[in-house]
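The values are calculated or read from the model by the stated rules, or taken from the named source; none is laboratory data. On a predicted model such as this, the values are computed, not experimentally measured, just so you know. No Cβ is skipped: glycine too gets one built from the backbone with ideal geometry, and neighbour counts run over all protein chains shown. Heads up: the accessible areas ignore ligands, DNA and RNA and are worked out on the full protein's heavy atoms, side chains in. Shrake-Rupley method; radii C 1.70, N 1.55, O 1.52, S 1.80 Å.
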Amino acid sequence: MQHVSGQDHLEENLGVSVSIMVAQFLQDAAYDQVQTIAKELLNLAEKCKRLKRESPSECAHQLVAAFLTHICNNQGLLNSHVFTDCCKMKTAARLRCFLSYKKDDADSHDTPLIPRPELTCEVAEENNVSLKERFSYEISRRHPFLYGPTILTMSACYETAVQSCCQEENKTECLRTKLEPIRKYIRGISARHHHLCEIGTKFNEKVASAVELILLTKKQPQANFPEIAKLTMDVKNLHETCCEGNTLACALGRRQLMSYTCSNQAILSSKFAECCEQPEPFRGECIINSENDDKPDLSPLLLTRFTEDWSVCQQFSSNQDSFLQEFLYEYSRRHLELAVPVILRVFETYKRVLEKCCKLENSLECHQPGKEVFQKVILESRDHVKTYCDLQKQLGSSSFQDRLTVLYTKKAPQLSAQELVVFVKKMAAVARGCCPLRDELQLACVEDQTKLILGELCRRHGGKPVNAGVGHCCDDSYAFRKPCFDDLRVDGTYISPPLSCDQAISLEEDLCQAQDEELQMEKQKLLSTLVKQKPHAAEDVFRSIGENFVQLVEKCCQAQRRDVCFQEEGLQLITRCQSLLEASSSQSRLM
């Protein structure tokens, strides 16, 4: 890492920052095309030619406008006619339209960024390619909502790793070892950035501010309320800039924010010292990922003033936003162990209590038991997670996924079997990672991971509506999104196209080449297909057919005549499936 000043770093990476913006908007563009457009933009934006003398923020503002105009004036460029409707709009509406075309396919991110790492050193030496620029291009087009400063940081990490490994004897192994953590970090942080962007656009400004305030308070619980309130506004504005795809403005904003943070670390957090010694671009990412500061020794009396003080309603009515923000700050710094959605539930519950109680004559008596109400919210959230983890432990990994497949097919039968299986796989992974933790960590872990997965499902609903129940859970309340999904039952509006068991059960010899995980996925697709046909049938009916399917595949793959075995055993399974479904259907009608 070279120690360079902020301005030098900005100038050095100006071209890369602009190419990141281009690649994130034009995801199908080739590397050379992105570089060409980036250079053209810098020539078009007069303020960027004189970066040393002019305000960098003016350059950043001018770049986005110049970019959108450039694309609209060159409709034949890169098949950019897809933006024709956007180009008929003006200013903010045009930008929103361009943003709507960004595609973040989270499930494709498992493909390696560098497919053949063993060739990396040779390519770098022979073609004189800028490793950092090439890598930033690959990240940008795959992760269009990943913040520009993070891409610059990870590209620098990538470049450092490659330069180090190319000196090693076993270059390939070194590269695989060092690049995998970078890939994992990019995938994880990209999901979080996209999630934050969606909160800002889907819900009102107050929800986005509440999320930022909780995150900042949990990281800096010893900072005072005015500082946290100021930082909340600054961070929210920065996120809006980053989410709009203005890479240069995003980088400038983060630099200013991190400079302020390091200049004021004495009043913000004791955990930033090591990060603040690092140069750009590493300082910002380091601070964001630093551990939370130590929990301060706080008096419980300060929190009771929000429930047991006679002037609560007066304060609530005179300056509602500031009063609620201060409650959220005081509650968050006392509950660092709780995930953001759980604290938001407490916050929303408190707000509803005051809205109800402050209309009454004896308001104090109404809102005084607030502490018990908050505890009830936490206990309900904890009970949901405990039930989830107990079920996983009781059933084991495979049967647990089967159970989730049945449950979520009933909730969202409009999703394809493939979509449901992928969704369930992610939910099961949350259980595997979080449930072995001790009780006080389980809740935060499950809530934190689940919010991202449900966010993806809601993104899918936004593109192609699933059903009214899913829509309600996605749109009604961000804080209560998970409890809403937990409480969803069978979607009674769904009518499945008629399908017989012989159509649902596909038995091919190719199944013998499948790994255990692939076979389980095929079983779960079968379960999902059958549940869609008979959503009210007993769950053990589906599980029985699923188990029979796996046993049949295992048996026939060991047989001398696989084709004969699959044909004969398959007919028996189809007959058994048909009779079970017909029997369960009759029982459902009788009930």
statement: Of the listed links Lys410/Lys523; Lys132/Lys171; Lys410/Lys482; Lys178/Lys425; Lys202/Lys464; Lys236/Lys376, those spanning more than 20 angstrom between alpha carbons are Lys178/Lys425; Lys236/Lys376
- request: May I ask you to give the percent of accessible area on the chain that is carbon plus sulfur, with a probe radius of 1.4 Å?
  value: 50 percent
field: For region 289-343, average projected area of the Cα convex hull in nm²
entry: 4.8 nm²
query: Do any trypsin sites (Lys or Arg not before Pro) in region 200-253 lie in a DSSP loop with no more than 11 other beta carbon atoms within 10 Å, and if so, which?
result: none
For region 409-462, radius of gyration divided by Kirkwood radius, i.e. Rg to Rh on alpha-carbons: 1.04
query: In percent, how large is the relative contact order of region 200-289, given Cα pairs closer than 8 Å and 6 or more residues apart?
result: 24 percent
- prompt: For region 382-538, what class follows from the C-alpha gyration tensor (a ≥ b ≥ c being the square roots of its eigenvalues): rounded when a/c is under 1.5, otherwise prolate if a/b is larger than b/c, else oblate?
  reply: oblate
task: Counting other Cβ atoms within 10 Å, keep those with at most 14, restrict to DSSP loop, and tell me which GluC sites (Glu not before Pro) in region 126-169 are left.
output: Glu168, Glu169
field: Where no second cysteine Cβ lies under 4.7 Å, the cysteines concerned in the chain
entry: Cys157
task: Quote the relative contact order of the chain in percent (integer), defining contacts as alpha-carbon pairs under 8 Å separated by 6+ residues.
output: 11 percent
- request: With a length cut of 15 Å (Cα positions projected on each helix's long axis) and a Kyte-Doolittle mean of at least 1.0, go through the chain and give me the DSSP H helices that pass.
  value: 14-25
message: In Å², and per residue, what accessible area does the chain have when probed at 1.4 Å with the other protein chains present?
response: 49 Å²
Where only alpha carbons of region 286-430 are counted, the Rg and the Dmax (Å): 20.4, 56
field: Pair Asn43, Asp487: separation of 7 Å Cα→Cβ label points (nm)
entry: 6.1 nm
Value of Rg/Rh across region 501-583 [Cα atoms, Kirkwood radius]: 0.96
statement: In Å³ per residue, the alpha-carbon convex hull of the chain encloses 207 Å³
field: Accessible surface, 1.4 Å probe, highest first, among residues Lys376, Lys451, Lys88, Lys171
entry: Lys88, Lys376, Lys171, Lys451
Heavy atoms of Thr387 accessible to a 1.4 Å probe, total area in Å² rounded to 10: 90 Å²
- prompt: Taking region 200-289, how much of its Cα-Cα pair set, in percent, is spaced more than 21 angstrom apart?
  reply: 30 percent
